[in-house]
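A.B. asks: Please read through the structure below; I'll follow up with questions.
No lab work stands behind these numbers, since they all come straight from the coordinates. This is a predicted model, so every value here is computed, not measured.
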Amino acid sequence: MSTLLTLLGPDDLASKGIDDVKRIARRLAVLGSAAMTLLASAVLPAPHALAQDRLFDPTEIGIRFNPDGDPGQCGGRTGDQWVEENRWTDVIRFDTDGRRGGCQLAFGVFDREGFMQNAGLTYEWRATPFADPNQCGNQGEHRVPIRSDVRTFGPGIRIDTDDRMGGCALTFAVQQTGITLVQLDFQYYADGNAGQCPNALPPGSTRTVSADRGPETIGIDTDSRPGGCTLRLRLRIDGGG
């Protein structure tokens, strides 16, 4: 009503009856509500807008896997691969032994729309207790780069296990502070002597890494025993749309 008094002025009010004033007030209220609705629709995305963004610009996880010696030790998909969220990467396979060289491995995330801006991924690479540390190149905790402008990879780690004592441990972890739930699934199987692949899963099984579930570790201790270890990953993001 104070807005109405300002708009009409005292002379206008004197010339109008109380019913006219009430009708004008109701019309102003309707116009104000319509204006607020229009403003909200212009500023705020529709409820399904984020889901549509995810449909057209999904986040991707990348793996770089290359031999630096005998290529038969690094099987499955080699080179660079980038896979959209909710899809499995191609399998990579570890079968290092006494042959020349080993395998180089690194990870990355391409997040054009910033769905993972409040999350992080790390991969930690360590020699197991009493192992020859030279089998596990570039040890330490490495952050997976999450970039929106370019597809790139974090620091490479080197797998060169053989008949020397012990092996290497690869630990994945997720950190997050926002409401978006980031989960990293993996399938890790032995296709020969299972002792070469500590913490391997039964075929068809999946394990999940998330901030609330905690990190997960797989072991690599391939050598001259038969077979090797296969790994593939899947990134899932829930709550962003």
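A.B. asks: If amide hydrogens are placed 1.01 Å from N in the peptide plane, which non-local residues have theirs closer than 5 Å to the one on Arg77?
C.D. replies: Val91, Ile92, Arg93
A.B. asks: While we're here: Express in whole angstrom the spacing between the alpha-carbon centres of region 210-241 and region 55-75.
C.D. replies: Region 210-241 and region 55-75 have Cα centres spaced 14 Å from each other.
A.B. asks: Starting from the exponent 0.38 and prefactor 2.2 Å, build the expected Rg for region 52-238 from its residue count and divide its actual Cα Rg by it.
C.D. replies: Numbers: Rg = 16.1 Å, N = 187, 2.2 N^0.38 = 16.1 Å.
Rg over 2.2 N^0.38 Å, computed on Cα atoms: 1.00.
A.B. asks: While we're on this one: Can you tell me the relative contact order of region 52-238? Whole percent, Cα pairs under 8 Å, sequence separation 6 or more.
C.D. replies: Numbers: 537 pairs, mean separation 44.7, N = 187.
24 percent.
A.B. asks: What share of the DSSP beta bridges in region 100-241 is antiparallel, in percent to the nearest 5? Please list the in-between numbers first.
C.D. replies: Numbers: 38 of 40 bridges.
Here the share of antiparallel DSSP bridges comes out near 95 percent.
A.B. asks: For region 144-158, just list the computed ³J(HN,Hα) in residue order, Karplus coefficients 6.51, -1.76 and 1.60, θ = phi - 60°, integers in Hz, with x standing in for Gly and Pro.
C.D. replies: Residue by residue, region 144-158 yields 6, x, 10, 10, 9, 9, 8, 7, 8, 10, x, x, x, 10, 10 Hz.
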